[in-house]
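Colleague: Would you mind keeping the following structure in view while I ask a few things?
The values are calculated or read from the model by the stated rules, or taken from the named source; none is laboratory data. In this text the structure is predicted, and so the values were computed from the model without any measurement. Here the Cβ positions follow ideal geometry from the backbone for every residue, glycine too, while neighbour counts run over all protein chains shown.
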Amino acid sequence: MKIEVNNEQLILEAAEAEFLEKGYKNTPTTVIAKRAGVTHAMLHYYFRTKENLFRKVFQNKVRLLGNAVGQHVNEKLPFEEIIRKLIEAHFDFIRQNPKLVGFILTEIVHNEENRRILLDELRSKLITIFERFDKLLINEVLKGKVKPIKTIDLFLNVLSLNVMTFNVFPILAEVMPAYQSENFENLLDERKESIVQFVLNALRV
């Protein structure tokens, strides 16, 4: 049983790496099997098709993101603390998976079948978090504690700020010495805090 679990995990890790490096279309299952150190027949035994493998890889990522973000949508926490923790959790998830956002955007635009899979998984896993947060936000607005804003607009603001950081920083690293230094991680931490303060200031009455 342990060997089976290890083989399955090796295949998933290899598939994720290959998908993110080359894209879904340019990644044959034979290459995934070779990278995982298993036979192609074994890959087929566990996952049957490349589509099933793709779905499983993305399900795992959505689950990780949902767990990281969802645990902070807690009505017992002060609302500003919820906002902070949501921003930080999302920022850190992208930090740990820097190639994932570009991969998702590419697949959504260029692959109709994968777009359906991606959107279905996002919808099924994250809609509950959205709805829970929406109730908290509406309550804060009604109390006059934060400026009126729709949950979708707030989420898009956070998404844009966090994602753009990781799209732009690699470019800055090419042209600005400060972003090539050993302090790069500190710069990311500073940027994360800057985003938190920017969003909180925009919400405060």
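Per-residue answers, yes or no, for (1) loosely packed, with under 14 Cβ neighbours inside 10 Å; (2) at pLDDT 85 or above; (3) among the hydrophobic types (A, V, I, L, M, F, W, C):
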residue: Phe47; (1), (2), (3): no, yes, yes
residue: Glu51; (1), (2), (3): yes, yes, no
residue: Lys56; (1), (2), (3): no, yes, no
residue: Lys61; (1), (2), (3): no, no, no
residue: Glu75; (1), (2), (3): yes, no, no
residue: Lys85; (1), (2), (3): no, yes, no
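Colleague: Checking the conditions here, which among Leu156, Leu86 is touching a His at 6+ places or on another chain (Cβ under 8 Å), of a type outside the set (Phe, Trp, Tyr) and not assigned by TED's automatic domain parsing to the domain that holds Ala17?
Modeller: Within the list Leu156, Leu86, the selection yields Leu86.
Colleague: Is there any pair with a first residue in segment 185-203 that is in the same structural domain as Ile149 (by TED's automatic domain parsing) and a second that is of a type in the set (Ser, Thr, Tyr) and in a helix (DSSP H, G or I) whose Cβ atoms are under 7 Å apart and which are 6 or more apart or on different chains, and what are they?
Modeller: So the pair list comes out as Leu187/Tyr179; Arg191/Thr165.
Colleague: For the structure I just gave you, tell me whether Lys76 is under 30 Å from Lys135 (Cβ atoms) and either acidic (Asp, Glu) or in the same structural domain as Thr128 (by TED's automatic domain parsing) (or both). So that I can check it myself, show each step before the final result.
Modeller: Numbers: under 30 Å from Lys135 (Cβ atoms): yes; either acidic (Asp, Glu) or in the same structural domain as Thr128 (by TED's automatic domain parsing) (or both): yes.
Yes; evaluated as a whole, the condition is true for this residue.
Colleague: Okay, next question. Looking at Thr106, Thr128 in this structure, which one is farther than 20 Å from Lys50 by Cβ and in a helix (DSSP H, G or I)?
Modeller: It is Thr128.
Colleague: Out of curiosity, is Glu113 surrounded by 12 or more Cβ atoms within 10 Å (Cβ to Cβ), among the acidic types (Asp, Glu) and part of a helix (DSSP H, G or I)?
Modeller: Answer is no for this residue.
Colleague: Continuing with the same structure: In segment 71-96, which residues are more than 11 Å from the chain's Cα centre (by Cα), part of a helix (DSSP H, G or I) and free of Cβ contacts under 8 Å to residues at least 60 places away in the same chain?
Modeller: Glu81, Ile82, Lys85
Colleague: Val141 - would you say it is at pLDDT 85 or above, farther than 25 Å from Phe169 by Cβ and not in a helix (DSSP H, G or I)? Even if it seems obvious, please write down each step before you answer.
Modeller: Numbers: at pLDDT 85 or above: yes; farther than 25 Å from Phe169 by Cβ: yes; not in a helix (DSSP H, G or I): no.
So Val141 fails the test.
One line per residue, one yes/no per condition, for (1) hydrophobic (A, V, I, L, M, F, W, C); (2) closer than 14 Å to Gly66 by Cβ; (3) surrounded by 13 or more Cβ atoms within 10 Å (Cβ to Cβ):
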site	(1), (2), (3)
Phe91	yes, no, yes
Arg95	no, no, yes
Ile129	yes, yes, yes
Asp134	no, no, yes
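Colleague: Looking only at segment 22-46, which residues are among the aromatic types (Phe, Trp, Tyr) and under 12 Å from Ile11 (Cα atoms)?
Modeller: Tyr45, Tyr46
Colleague: Separate question: Sort out which residues of segment 22-70 are closer than 30 Å to Ile129 by Cα, of a type in the set (Gly, Ala, Ser) and in a helix (DSSP H, G or I), and write them in order of number.
Modeller: We begin by selecting, within segment 22-70, every residue closer than 30 Å to Ile129 by Cα; these are 23-24, 47, 50-70.
Next cut, of a type in the set (Gly, Ala, Ser) only: 23, 66, 68, 70.
Hits for segment 22-70 are Gly66, Ala68, Gly70.
Colleague: Restricting to segment 144-170, name every residue that is in a helix (DSSP H, G or I) and β-branched (Val, Ile, Thr).
Modeller: Thr151, Ile152, Val158, Val163, Thr165, Val168
This table checks each residue for (1) modelled with pLDDT under 95; (2) closer than 18 Å to Ala89 by Cα; (3) not hydroxyl-bearing (Ser, Thr, Tyr).
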position: Phe130; (1), (2), (3): yes, yes, yes
position: Val146; (1), (2), (3): no, no, yes
position: Thr151; (1), (2), (3): no, yes, no
position: Asn157; (1), (2), (3): no, yes, yes
position: Met176; (1), (2), (3): yes, no, yes
position: Leu187; (1), (2), (3): yes, yes, yes
position: Arg191; (1), (2), (3): yes, yes, yes
position: Gln197; (1), (2), (3): no, yes, yes
